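One structure follows; several queries about it will come next.
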Amino acid sequence: MAKREDLSVKTDDQLSQQLGELKREQFNLRFQAATNQLEKPSRVREVRRTIARIKTLQNQRSGTTDATASSAQA
């Protein structure tokens with residue numbers, strides 16, 4: 001499972017790429033669960049939470065840039 005410290009060091013492009021990979025893995029895990037071929041059910045939760053961590057970090061980063069841009073305009 002990816003820790004927040006590990007994710008915060010990555011660039012925006014790296015986070016976007018990892019997010020895409022995790023979404024693809026989540027898609028595959030859903031199919032495995034539907035056909036009862038899921039080897040590690042806990043992986044579904046790990047992937048879901050890591051996706052949430054990445055999205056939260058992306059929103060925080062975009063929020064700081066938006067705040068900086070709006071304060072510069074004012």
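The values are calculated or read from the model by the stated rules, or taken from the named source; none is laboratory data. Note that the structure is a prediction, hence the values are computed from the model and not measured. Positions of Cβ are generated from backbone atoms using ideal geometry, with glycine treated the same way; all protein chains shown enter the neighbour counts. Side chains included, ligands, DNA and RNA excluded: accessible areas come from the protein's heavy atoms. Shrake-Rupley method; radii C 1.70, N 1.55, O 1.52, S 1.80 Å.
Report, to the nearest whole %, how much of the accessible area of the range 5-74 belongs to carbon and sulfur atoms, 1.4 Å probe, protein only. Present the calculation step by step, with values, prior to reporting the outcome.
On the way: 2570 of 5240 Å².
Carbon and sulfur atoms account for 49 percent of the accessible area of the range 5-74.
Please state the charge dipole magnitude for the chain, taken about the Cα centre, from unit charges on C-beta atoms (+1 on K and R, -1 on D and E), reported in debye and rounded to the nearest 20. Walk me through the numbers before you get to the answer.
Values: 14 positive and 9 negative charges, 71 e Å.
Using only the charged Cβ atoms, the result is roughly 340 debye.
In the neighborhood of GLN37, defined by Cβ-to-Cβ distances under 15 Å, what is the net charge if each Lys or Arg adds +1 and each Asp or Glu adds -1?
On the way: positive: ARG30, LYS40, ARG43; negative: GLU25, GLU39.
Within the 15 Å Cβ shell, the charges total +1.
Taking the dipole about the Cα centre of the range 1-45, with the C-beta of Lys and Arg at +1 and of Asp and Glu at -1, give me whichever of ASN28, VAL9, SER42 is farthest to the positive side.
Most positive-ward Cα: SER42.
Enumerate by residue number the GluC sites (Glu not before Pro) in the range 1-58 meeting two conditions: DSSP loop (anything except H, G, I, E, B), and at most 10 other Cβ atoms within 10 Å of the site's Cβ. Could the numbers behind the result be given before it?
Numbers: sites: GLU5, GLU21, GLU25, GLU39, GLU46; in loops: GLU39.
Passing both the DSSP loop test and the Cβ count: GLU39.
Under 17 Å between alpha carbons, and skipping anything fewer than 8 positions from LYS55 in its own chain: which aspartates and glutamates qualify?
Hits, sequence-local ones excluded: GLU5, ASP6, ASP12, ASP13, GLU21, GLU25, GLU46, ASP66.
Calculate how steeply helix 42-73 sits against the longest principal axis of the alpha-carbon atoms of the chain, using the helix alpha-carbon long axis, and give the answer as 0 to 90 degrees to the nearest 10.
Once rounded, the angle reads 10 degrees.
Run lengths n ≥ 4 of DSSP H only: what is the helix-derived mean residue ellipticity at 222 nm for the chain, with -39500 (n - 2.57) per run over all residues, to the nearest 500?
Values: 3 runs with 60 residues, N = 74.
Using -39500 (n - 2.57) per qualifying helix, the result is -28000 deg cm²/dmol.
Okay, moving on. At 1.4 Å probe radius, can you tell me the per residue accessible area of the chain in Å²? Don't skip to the end; give the middle numbers.
Details: 5640 Å² over 74 residues.
Per-residue value: 76 Å².
Given (1) 18, 40, 24, 12, 5, 1; (2) 20, 45, 23, 9, 2, 0; (3) 21, 55, 22, 2, which label gives P(r) over Cα pairs in 10 Å bins from 0, in percent as computed from the coordinates?
(1)
What's the magnitude of the charge dipole for the range 1-42 around its Cα centre, counting Lys and Arg as +1 and Asp and Glu as -1 at the beta-carbon? Answer in Debye, nearest 20. Could you put the intermediate results ahead of the total?
Details: 7 positive and 7 negative charges, 36 e Å.
The dipole magnitude comes to about 180 debye.
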